[in-house]
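Have a look at the structure below, then the notes.
The values are calculated or read from the model by the stated rules, or taken from the named source; none is laboratory data. Being a predicted model, the structure only gives us computed values, none of them experimental. For neighbour counting, all protein chains shown are included, and Cβ atoms are generated from backbone atoms with ideal geometry for every residue, glycine included.
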Amino acid sequence: MGLSTGAYAPSDRNGPRAVMWGRAATTATLLATVLIFAPLGTAQARDLADLMKDRFPVTQGDATPDDSDQTVLARFYRARGLKPLWVDHGEATATARTALAVLAHADEEGLNPNDYSAATLTGQQGHLDSPEAQASFESGLSLALVHYASDVSVGRIIPTLADPELVIDRPPFDRAQFLASVAAAPDLAALLAGLPPHRPEYAALKAALAHYRQMKAAGGWPTIPPAPKAPPAPPPSPAADPANPGAPAPKVEKAGDALKPGMVDPRVPALRARLVATGEAKPLPTPLPKGANPELYDDALAASVKEFQRRQGQEPDGAIGRRTLVELNATVDQRINQIIVNMERWRWEREPADQPYLVVNLADYTLSLMRGMDVQMTMRVVVGAPFTRTPVFIGNMSYMELNPYWYVPTKITKEEILPKQKKDHSYVVKNHYTLLSDWTSNAVPVDPSSINWATVTPHNFHWRVRQDAGNDNSLGRIKFMFPNKFDIYLHDTPSKRLFDRAVRSFSHGCIRVQDPPALALAILALTDTPGWPEEKLRAEIGGDSLKHQTIRLKNRLPVHITYITTVTDPNGGIDFRTDVYGRDARVLAALNGPRPRKPVVPAATPAAAPTPGSAPNAAPNTVPAPAAEASKAPETPKPSVPGPRTAAPSARTVTPVPASAPVPANTNPVR
């Protein structure tokens, strides 16, 4: 019984004494080994329990959404009697290994595994040989999993802190409920797999992220060199016809012009290689047919370029100008970052219920009327220019106005209308504006001819300007109101030609819709608003009637003003959109920055709704441009004419997302 004492050997030079000490040492060693590797005993369990008590003290008061993560964890562990969730008998449990595997692959969801200490915790799980190590692993894994679950469900960042132009709240995330679900889950992997948004757009982005990372691993794609520099100006050339000195000289093509179909240019091989790499074009046959010129911008390549332009939301004209070149030369890292940014944006969106709502994607210049996940109607829109950007927010449409007045914002009055009136004293009358004596409800019209316009300046201009209802009203014949602090709304416009353009960022901030009567009829139907059949509505806005009327919706219609720079194509892939407002870089910087300190954002206080039909629309509180852009005033519009969206390293590098050249200043009627 007991440990073997061994045999005395003649080679033991110190005899029995040495053997005795040897036995003692062997016994101590074996006993230590038994104590270390034995299952977690009562004394050690008490030690771990004591450490858990220290880490998770008793909390006072009721649970609130503003509780710290530590408080949430303390309530959770106290409710389960401080029983560990991830450690059992000194070893990481199978569920702990499942959780660690999910954290290690957070990059597949566009998140950074380093944000969740995935490598550190994975290293700790093999060294849980002390109560201290076990307690550290237990609390660390719970905290990391709560952070991951919140991030992948409702977003990693707080939008408004990342960019003041993103005036939206993330959906709520109940951390206590999530921990309770983890503790009760029969299949933790399935529970965690169900956390990301259940939307086809998010699924397409996740698949695209893996695809673009594979392309990065394969080397990405080549860039197209810029146009060659123009040669020195040649000396004046003689006239085309010496006998006719007044005849124009032959036109000299400028180097550096846009690359167009039919041209022979040394950049064409690089252009073809770029499109071959991403699947828009096919390579030339090898060997080349006799007489083929690889530098010819042929029709087949032009068709590929047009498809690329269409997928980027550009004019599909086949010409490689500055904007198309910027998008072609966007690197694979930039596209990966753009995908990651938009995965984050989709996490901010609440899961749609089976009810109607309206979505405007500013970056795609489109409006979609939805019921749940089903698209009821889509149409083009015109949004704020880069220096009068339309903000991102959520509102509720409550009424529509037919034949609206337009109370011109003070800024537009002083900067655009006043200079024209000073130049042409009949401008106000010709464009159906009315001068009002003041800004009160008792204001009376003022005859413009009674004013000495030579003495009027922006500083002493005190009249209110109202544009009367009619076909040339800048708001058109219908205005869709969802009261908000920005005074942003949807409206008709007399400038229909702008809807034919691919890039449609021209307004002062409000959103012009392509087919207002069709939209109005669809909204009336989806909100169960009675009394407005199609014939009646079209008669009120399509004929000579200028009667101002308000239609109150029976049920409010949620309106989501979003900014998504990727859109899903019919085949489940994604197309990219130009970041015309420069918002992608701000979101990306926040994603790569420290974790926001607060777990939730308090709900924004909605703006008081004006009285429909009586309160004039103030200047849209559009997002001001940065200082560098603030000095760029939009061009004054001409009078409108009357008339009827492989794994990569954990640490991501912040790479600027491509942005095309600024859109030209607004040259169209206001709004």
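Scanning region 423-451 for residues that are surrounded by 14 or more Cβ atoms within 10 Å (Cβ to Cβ) and in a strand (DSSP E or B) gives Tyr433, Thr434, Leu435, Leu436, Val446.
Conditions tested, residue by residue: (1) more than 18 Å from Leu475 (Cβ to Cβ); (2) not charged (D, E, K, R).
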{"residue": "Val503", "(1), (2)": "yes, yes"}
{"residue": "Ile511", "(1), (2)": "no, yes"}
{"residue": "Pro516", "(1), (2)": "no, yes"}
{"residue": "Lys536", "(1), (2)": "yes, no"}
{"residue": "Glu540", "(1), (2)": "no, no"}
{"residue": "Thr550", "(1), (2)": "no, yes"}
{"residue": "Leu553", "(1), (2)": "yes, yes"}
{"residue": "Ile574", "(1), (2)": "yes, yes"}
{"residue": "Gly582", "(1), (2)": "yes, yes"}
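Report yes if Thr366 is over 30 Å from Val456 (Cβ atoms), assigned by TED's automatic domain parsing to the domain that holds Phe486 and surrounded by fewer than 18 Cβ atoms within 10 Å (Cβ to Cβ), otherwise no. Here the answer is no, as Thr366 does not meet what is asked. Is region 212-222 home to any residue that is touching a strand residue (DSSP E or B) at 6+ places or on another chain (Cβ under 6 Å) and farther than 22 Å from Ala353 by Cα? Looking for residues that are touching a strand residue (DSSP E or B) at 6+ places or on another chain (Cβ under 6 Å) and farther than 22 Å from Ala353 by Cα, one finds none in region 212-222, hence no.
Here Ala454 passes the criteria (1) touching an Asp or Glu at 6+ places or on another chain (Cβ under 7 Å); (2) not in a loop (DSSP other than H, G, I, E, B) except the one numbered (1). Among the strands (runs of 3 or more DSSP E) confined to region 316-401, the ones with at least 1 residues that are among the β-branched types (Val, Ile, Thr) and over 16 Å from Ile523 (Cα atoms) are located at 366-371, 374-384. Considering the conditions (1) in a helix (DSSP H, G or I); (2) surrounded by fewer than 22 Cβ atoms within 10 Å (Cβ to Cβ), Gly593 is excluded by exactly one of them, (1). Yes or no: region 122-131 includes at least one residue that is in contact with a strand residue (DSSP E or B) (Cβ under 7 Å, 6 or more places away or on another chain) and either part of a loop (DSSP other than H, G, I, E, B) or of a type in the set (Val, Ile, Thr) (or both). Within region 122-131 (the criterion being in contact with a strand residue (DSSP E or B) (Cβ under 7 Å, 6 or more places away or on another chain) and either part of a loop (DSSP other than H, G, I, E, B) or of a type in the set (Val, Ile, Thr) (or both)), the answer is yes, since at least one residue qualifies. Residues that are among the aromatic types (Phe, Trp, Tyr) and either in a strand (DSSP E or B) or surrounded by 22 or more Cβ atoms within 10 Å (Cβ to Cβ) (or both) within region 402-422 comprise Trp406, Tyr407, listed in sequence order.
Ala385 meets each of the listed conditions (1) surrounded by fewer than 21 Cβ atoms within 10 Å (Cβ to Cβ); (2) closer than 24 Å to Leu498 by Cβ; (3) in the same structural domain as Phe480 (by TED's automatic domain parsing) apart from (1). Pairing each residue of region 169-185 that is at pLDDT 95 or above with any residue that is assigned to a loop (DSSP other than H, G, I, E, B) and of a type in the set (Lys, Arg), provided the two are 6+ apart or on different chains, yields C-beta distances under 7 Å for Ala183/Arg80.
Taking the stated definitions as given, is Ile574 closer than 19 Å to Ala208 by Cα, crowded, with 20+ Cβ neighbours inside 10 Å and at pLDDT 90 or above? It is true that Ile574 is closer than 19 Å to Ala208 by Cα, crowded, with 20+ Cβ neighbours inside 10 Å and at pLDDT 90 or above. Residues of region 154-175 that are closer than 27 Å to Ala74 by Cα and in a helix (DSSP H, G or I): Val154, Arg175. I'm checking my understanding of the structure. Among residues of region 276-309 that are among the basic types (Lys, Arg) and loosely packed, with under 14 Cβ neighbours inside 10 Å, which one is nearest to Val326 (Cα to Cα)? The selected residue is Lys282.
Taken over region 384-399, residues that are of a type in the set (A, V, I, L, M, F, W, C) and touching a Phe, Trp or Tyr at 6+ places or on another chain (Cβ under 8 Å) amount to 4.
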